[in-house]
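> Structure provided below as structure tokens; questions to follow.
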Amino acid sequence: MKNLAAYMREPETLYLKEVPIPVPGTEEVQVRIEYCGICGSDVHYYKDGRIGSYAVEGDFILGHEVAGIVTETGSAVRHLNVGDRVALEPGLSCGECDNCKRGKYNLCKDIRFFATPPVQGALQNYIVYPANMCFRLPEHVSTKEGALIEPLCVGLHACRQGGVTLGSTVVILGSGCIGLMTAAAAKSMGASEIIVVDLFEKRLEYALKMGATNVVCAAKEDTEDRIARLLGGTGADIVIETAGSEKTVLQTAPLAKSGGTVVLVGLSARSVLPYNIGAAIGKELTIKTVFRYRNLYPVAISAVAGGKIDVLPVVTHEFTLEDAKEAFDTAVGDAESVVKAIIKLF
Ligand SMILES: [Zn+2]
Ligand SMILES: [Zn+2]
């Protein structure tokens, strides 16, 4: 038994180092990580060494989308046993502040989130983690699906923020992993029209697999015209921006119907952007935002377990821990074809 962790130091470096196998505290479990998904944020840290004011300093472990098998339990842990397969929710909040007390723990100022400097990530064989943030996977949900619960929660939260419900018409801008998870979430919540927009036709093929009823290739057709035709000229009840480009952020107000809702998920390179406030006010739009997710791991796991959502089609690339550097280089270099790269650790 040994514990290898994948460390980066400088941008575009990654090396494996053996570290001690951690011992769980009384309320913790030791988990042997089986799968770790590579998120857009991991790729940013790997490529640039920073996201905004969060900068990688010294040796740093990436990865926050993980699932594995419980290999040891602390003495006070009751609900988990050795051999249980679990998905780890990657954010430990303080539990004491106003946001935590209101259940909005994703907004906790003291949250410690995997792979957000200075908090180390989870791309390593063994980890210890508070048992109450490890969610047991039912028999027929694999740890590979378990590692995809994290991005699915972002999609579910976006749809909840937007108020997606039976019969909703939804436009999703961006067909990356989060856009696709949002499409799957919208379908599971009963949306009747789910239109996904992206520049790349290849990515739109995945959108159709994940629940889109129509797709629009923005490189080939005018997004606003096409969507107006698809929705009979009215705009969508809910427009969800996941691409994080300035152009798509600006498209949200024109694409929404009067009285509709815009949900901003994607982070743009610039944080201050021009926006069509006139159109938003003229339509009395509700504008909502998404920061990660909250209270959704059990919901996401039961949606996957019950067959309401299939998360596996987003996985386009699979690597081993030994090939972790190749995994990140591929995610950086071939962004068009990598929807979700995942690393298998065992
Ligand atoms: Zn993620
Ligand atoms: Zn808190």
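> Work out the FRET efficiency for Ala76 and Lys2 from their Cβ-Cβ distance, taking R0 = 41 Å, and round it to the nearest 0.05. Display every interim value, and only then the final one.
Details: r = 28 Å, r/R0 = 0.67.
For R0 = 41 Å, the calculated efficiency reads 0.90.
> In bins 10 Å wide, starting from 0, what share of all Cα pairs of segment 55-191 does each bin hold, as a percent?
11, 31, 37, 18, 2, 0
> How large are Rg and Dmax for segment 150-284 when calculated on the C-alpha trace, in angstrom?
When restricted to Cα atoms, segment 150-284 yields Rg and Dmax of 13.2, 36 Å.
> Rolling a 1.4 Å sphere over the protein heavy atoms, what is the accessible area per residue of segment 152-289, to the nearest Å²? Before the final figure, lay out the partial values.
Values: 5910 Å² over 138 residues.
Computed with neighbouring chains in place, this is 43 Å² per residue.
> Further question: Rolling a 1.4 angstrom probe over the protein heavy atoms, how many square angstrom per residue are accessible across segment 23-63? Don't skip to the answer; put the middle values down first.
On the way: 1730 Å² over 41 residues.
Per-residue accessible area for segment 23-63 comes out at 42 Å².
> Then there's this: Ignoring ligands, DNA and RNA, what percent of the accessible area of the chain is carbon or sulfur (1.4 Å)? Could the numbers behind the result be given before it?
Details: 7700 of 15100 Å².
Whole-percent figure for carbon plus sulfur exposure: 51.
> On to the next question. Relative to the present Cα-Cα distance, how much length would full extension add between Lys344 and Ile51 at 0.36 nm per residue of separation? Write out the running numbers ahead of the final one.
Numbers: separation 293, 0.36 × 293 = 105.48 nm, distance 2.57 nm.
Length difference between fully extended and current span is 102.9 nm.
> Full-extension gain between Ile277 and Asp59, please, as 0.36 nm times their residue separation minus the C-alpha to C-alpha distance. Spell out each step's value before the answer.
Numbers: separation 218, 0.36 × 218 = 78.48 nm, distance 4.38 nm.
Difference between extended and current length: 74.1 nm.
> Then there is this: If each of Leu250 and Glu10 carries a label point 7 Å out from its Cα toward its Cβ, how far apart are those two points in nm?
Each label point lies 7 Å from its Cα, and together they span 3.8 nm.
> By how many nm would the segment from Glu201 to Ile287 lengthen if fully extended, with 0.36 nm per residue of separation less the alpha-carbon distance? Don't jump to the answer; show the numbers that get you there.
Working: separation 86, 0.36 × 86 = 30.96 nm, distance 2.85 nm.
Stretched fully, the Glu201-Ile287 segment lengthens by 28.1 nm.
> With charges only on Cβ, +1 for K and R and -1 for D and E, what is the dipole size of the chain about its Cα centre, in debye, rounded to 20?
Working: 34 positive and 40 negative charges, 178 e Å.
My answer is approximately 860 debye.
> May I ask for the distance between the Cα centers of segment 239-296 and segment 161-178, given as a whole number of Å?
Distance between centres, Cα-based: 12 Å.
> Students often forget the sequence filter, so: which lysines lie under 19 Å Cα-Cα from Lys209 once same-chain residues fewer than 8 apart are removed?
Filter leaves Lys144, Lys187, Lys308, Lys340.
> Let me ask something additional. Before rounding to the nearest 500, sum -39500 (n - 2.57) across all DSSP H runs of length at least 4 in the chain and divide by the residue total; then give [θ] at 222 nm in deg cm²/dmol.
Numbers: 11 runs with 97 residues, N = 346.
It comes out at -8000 deg cm²/dmol, rounded to the nearest 500.
> Return the percentage of antiparallel bridges among DSSP beta bridges fully within segment 152-289, rounded to the nearest 5 %. Provide the component values of the computation, followed by the final result.
Details: 0 of 22 bridges.
DSSP beta bridges in segment 152-289 are roughly 0 percent antiparallel.
> For the chain, place one equal point scatterer on every Cα, skip the solvent, and apply the Debye formula. What is log10 of I(q)/I(0) at q = 0.10, 0.14, 0.15 Å⁻¹?
-0.59, -1.14, -1.29
> Any chance you could list P(r) for segment 124-213, counting all Cα-Cα pairs in 10 angstrom bins from zero, rounded to whole %?
17, 41, 27, 14, 1
The values are calculated or read from the model by the stated rules, or taken from the named source; none is laboratory data. Note that the coordinates shown come from a computational prediction; the quantities given were computed from them, not determined experimentally. Neighbour counts are summed over all protein chains in view; Cβ atoms, including those assigned to glycine, are modelled from backbone coordinates with ideal geometry. Only protein heavy atoms, including side chains, enter the accessible area calculation; ligands, DNA and RNA are left aside. Shrake-Rupley method; radii C 1.70, N 1.55, O 1.52, S 1.80 Å.
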